[in-house]
Each structure stands twice: as C-alpha cells, then as structure tokens.
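Please treat every number below as a calculation from the coordinates, not as lab data. Predicted model, so just to flag it, every value in this text is computed and none were measured. Note: ideal-geometry Cβ built from the backbone for every residue, glycine included; neighbour counts use all protein chains shown.
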Ligand code: NBP
C-alpha cells in the first residue's frame, strides 16, 4: 500500500508533522538524509499510525500514491534547494512538493517558477506553532496553485488546529503568498511580544510591582479583551522562580533577545513595498539594541531619571492595559497593511480576513482579538486600515488619555517604550490634518530641485531658490 503523503526532514518539526498526519489516519512515508532519524521515529512512535519508512529517495518517492504529495521539512536555505534537486527528477507532472520550512517568499517564488516549468506544483507553506503546533495542530498557510490546494487542502485542514470547528488552514494565494503571510505573521508576533515586554517594564519600573504581582496583572488581563496565548505565557514566565537562586526567573535571564530573521524580513519587505510598519520595526530594533552589550556598557552612566522602583502609581495597570490594546491594534493594522500591499504587488489576491481566521489557533499570536480583525474585514473587505473599523476606532478613542499618559510616564521615568511610542506616532500621523512632510518637500526642492506638488493646483512645481524665488512648473 502507498502513503497518502510523505515527509522528508525528520528533525523536530518534520517528525511531529509526520506523527500528526499518522495520528489522523493518513499513511505517511517518512525519510531523512540521515536514516537514523527515520528509524528512531518509527521505533518510538510507530504505533501512532501507519508510517512507511524509506532510506533512499527513490524508495521514498515510490511509496507515495499519485499524484505524489511530498513535504520538505529541512533547514531553510541551501538545504531546501538541495532536497528539491534530489527529489524533483524522481517526480512526474502533477506531483506536489510542499516546503514547510521558514523560506523567504522570494526563494519560494523562484522555486515555484522553476518547478512549474517542470510540471511540478511547488507549495511554499507557512507552518506556525513550533513543535507543539506541528504535533497537535498548527496554523497552516499554503501558497502555490489552486489546483494543488484541491489535493492538499483536505489533508492540511485535517491536521491543522481548529477553532469553533473551523480549520486554521486555507489556501493563501499563488506562489510565495503562503510564506509571505507567515513572514508577516512573525513580524506581528515580534511587535506583540515587544508591547507586552514594555508593559512589563512599566509595571515593574514605573508602577513598582514585583514579577509575581505583574504575573497576576497579566493573568487578569488574560480574562479580558487581551486574552491570548502570549499574555497567558507571559504570566507563566513572570510567576516562575529560578530553582538555583530562588530569584524571579526573569531576573536571572540575560537581557539580550535573539532572533532568527523573519521579523527582519518583514521589515525589509515592508521597506521594499513602501509600507510603514514602525511598530514591527521598533520591535526588531529593540531586540537588536538589547544585544549590543558593548554599546549598553558604554552608555550605562549617561544622565537621565532614576527609575521609580517601589514608587506606586495608582491606576497605572489599567492605563497600561489600554495603551497595550491600542498599540496592539496599530501593530496588527500595520501587518495587515503589509499583507495587502504584498498581495497587490504580486497579484496574490489574499483574503485578509481569512488570514485572521487561520491565526486564531495553532500559532503563537492566537488570540480572541483575531476574531475582531476577521469581523472588521467582514464588515469592509477593502478597508484601507483596520484603525477605522468601528470596534477598533472606539477602543483607540477610549485609550487616548491612558495611551498618552503611559508614554509620558515612561519618558519621565526613563523606561524605554519604542513600541508604544511608534504606535502612537503612527496613529497621530494618520489622523493629522497636515504633516510636516510639506516642509520636507520644500527642503528637497531647495537643495535638489526635486519639485513639489501644490494643494491648490495640479502639476509639479519648482521654486528658483537660488534666483528670484519665483515658481516655475516643471
Ligand atoms: P532544522 O531546521 O534544524 O533542520 C534539520 C533538518 O534538515 C534535518 O532533518 C536535517 O537532516 C535536514 N537537512 C539539512 Br540541516 N541539510 C540537509 C541537506 N543538505 N539535505 C537534506 N536534509 C538536510 O529542523 P526543524 O527545526 O525541524 O525545522 C524544519 C523547518 O521548519 C525549518 O525550515 C524551520 O525554519 C521551520 N520551522 C521551524 C519551527 C520550529 O519551531 N522549530 C517552526 C516553524 C517552522 P539530517 O538529520 O540528515 O541532518
């Protein structure tokens, strides 16, 4: 008997994905460059379902029913190309290669175009939720052809997370659309985590609360509109005590955040697309700043306010909750703007509301909040920004005093809040009647004759700055 699907690359992710498929009753062929991993998987978990182990690429491909569905779960980058080159010659027109790794969408576009010429469907697929998600139900974001989704969709939806009976998997769009959306998902995740980190920092150093007390605040927030996986685990981490020292765990962890690159890609891509994603960019930069131990060491003695420490500021937790919610709305609005811009640029026709829907389960940013985003797109599928949705606009209005006060308190006490500040600046920029960009245009025309447009007439104009300062049309 043949396998319905095959997985090659059986490290943490591939192995759990294969087990997930087997547990759902799908016979799964398994293969890994180093055969010991394949053996170990079957030995340990062989009784969870039907596994068809193969040592060689040929045997692996031969064990798949046609059209073949082959999932690659190897280290993203050159390894993915190597594996494609190993398997593609063994496949036939109509077969499908699913790349479930964290590939850059530009690589996915290149691979898809190449394999399409050879008659093979290449399905770059974002898979979110880490190893737990892969095993128990991830959020799955497949790109590639609509035809391939007809064949793969039922399998992927079956093993994905489900929320209210709806699978957290859907066809995102052609070629690199799936990996693009997964990338922006990760960028949003960076922003969300940064905003939570700033909230913690303020509760600690402006409101003077201890980690255990802050854990209780997050636990409380998790019963309201901020309810989410990230808020939940924040409470867990803050409540944890280090066994070796008896100190709060958060105080024994080196304060230098690392990153694997998808947040950076989100910002790089946003720059290419001309989409302002300041909240996401500040989150990436905040990790970068934290890692510059040398700069931080050199600057440590610079003057500034002492942190409030034990000084208790009444009402601050509630104000921070409002600032966090408002800033979160902005970060997500920026991420969704990037998705819509990418969709327009590459002709993907992505349904933004459907992305919010499949992120509700399985992935790191899963949250009640995503239902609100889905509803916003249901109300107006073509809204230029989520900020103007009735629910979000009301929340932003309600947060005004708190949001501004929190940022002022942070500035006063020397607590850095780049995420909160960037979010508010974006909000104020969008709603401003006039922006100082008019002055920028004047400067550009002055030093570079770059021309400007006028508010009262069509056309491009230039002022003769070095001459009699009369205006000419250009
Ligand atoms: P890794 O990213 O650690 O990759 C290890 C796997 O790649 C092993 O199976 C290894 O085979 C194989 N491999 C390498 Br490395 N080079 C190869 C080559 N030239 N030819 C064939 N196979 C090769 O595994 P992972 O952490 O399970 O992640 C898999 C993918 O899923 C990655 O793209 C990752 O970015 C993505 N992802 C990971 C997570 C997560 O939480 N870990 C979440 C979402 C997505 P070997 O056993 O022979 O060395």
Round to a whole angstrom and tell me the spacing of the C-alpha centers of region 383-402 and region 265-334.
20
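Which order do 297, 213 fall in if you start with the one that has the fewest other Cβ atoms within 10 Å?
Details: 297 9, 213 15.
Taking fewest neighbouring Cβ atoms as first place, the list is 297, 213.
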Using the Kirkwood radius over Cα pairs, work out the Stokes-Einstein diffusion coefficient for the chain at 37 °C and 0.692 mPa s, in µm²/s as a whole number.
134
Note down the Stokes-Einstein diffusion coefficient of region 47-199 in µm²/s, whole number, using a Kirkwood radius over alpha carbon pairs, 25 °C, and 0.890 mPa s.
152
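For 330, 253, which order do you get if you count the other beta carbons within 10 Å of each Cβ and list the fewest first?
Numbers: 330 29, 253 11.
Least to most surrounded, the residues fall as 253, 330.
Which length gain, in nm to one decimal place, applies between residue 56 and residue 393 when the Cα-Cα distance is subtracted from 0.36 nm times their residue separation? Don't skip to the end; give the middle numbers.
Working: separation 337, 0.36 × 337 = 121.32 nm, distance 5.74 nm.
This chain segment gains 115.6 nm when fully extended.
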Report the extension gain between residue 450 and residue 298 in nm, rounded to one decimal, defined as 0.36 nm multiplied by the number of residues separating them, less their alpha carbon distance.
50.7 nm
Assuming R0 = 41 Å, can you tell me the calculated FRET efficiency for the pair residue 158 and residue 213, based on Cβ-Cβ distance, to the nearest 0.05?
0.40
Averaging over all projection directions, find the projected area of the Cα convex hull of region 122-257 and quote it in nm² with one decimal place.
10.3
Post the alpha-carbon centroid distance, region 136-215 to region 22-69, in whole angstrom.
28
Taking 8 Å as the Cα distance limit and 6 or more residues as the minimum spacing, I'd like the relative contact order of region 212-293 as a percentage.
23
Quick check: pseudo-label points 7 Å beyond the Cα along Cα→Cβ at residue 443 and residue 220, how many nm apart are they?
4.5
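Kirkwood hydrodynamic radius for region 111-150: how many Å is it when counted over pairs of different Cα atoms? Let's see the in-between values first.
Values: mean 1/r = 0.0891 Å⁻¹.
Value: 11.2 Å, from the Cα pair sum.
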Could you tell me how many degrees, from 0 to 90 and to the nearest 10, lie between the Cα long axis of helix 105-117 and the main elongation axis, the longest principal axis, of the Cα atoms of the chain?
40
Note: probe point = Cα of residue 473 + 7 Å toward Cβ; backbone nitrogen < 17 Å; residues of region 413-452 passing the test are 451-452
In degrees, nearest 10, the alpha-carbon axis of helix 35-45 is tilted away from the dominant principal axis of the alpha carbons of the chain by 90
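Given a Förster distance of 41 Å, report the FRET efficiency between residue 379 and residue 12 from their Cβ-Cβ distance, rounded to the nearest 0.05. Spell out each step's value before the answer.
Working: r = 40 Å, r/R0 = 0.97.
Using R0 = 41 Å, I get an efficiency of 0.55.
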Principal-axis tilt of helix 390-413 within the chain, Cα atoms, nearest 10 degrees:
70
Could you list 183, 193, 355 in order of exposure, starting from the residue whose Cβ has the fewest other Cβ atoms within 10 Å?
193, 355, 183
Global geometry of region 189-297, whether rounded, prolate or oblate, following the gyration tensor of its Cα atoms and the 1.5 cut on a/c:
oblate
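Can you order the peptides 366-378, 415-427, 84-96 by their average number of other Cβ atoms within 10 Å per residue, highest first? Let's see the in-between values first.
On the way: 366-378: 19.4, 415-427: 22.5, 84-96: 16.4.
With the highest mean Cβ count within 10 Å placed first, the list reads 415-427, 366-378, 84-96.
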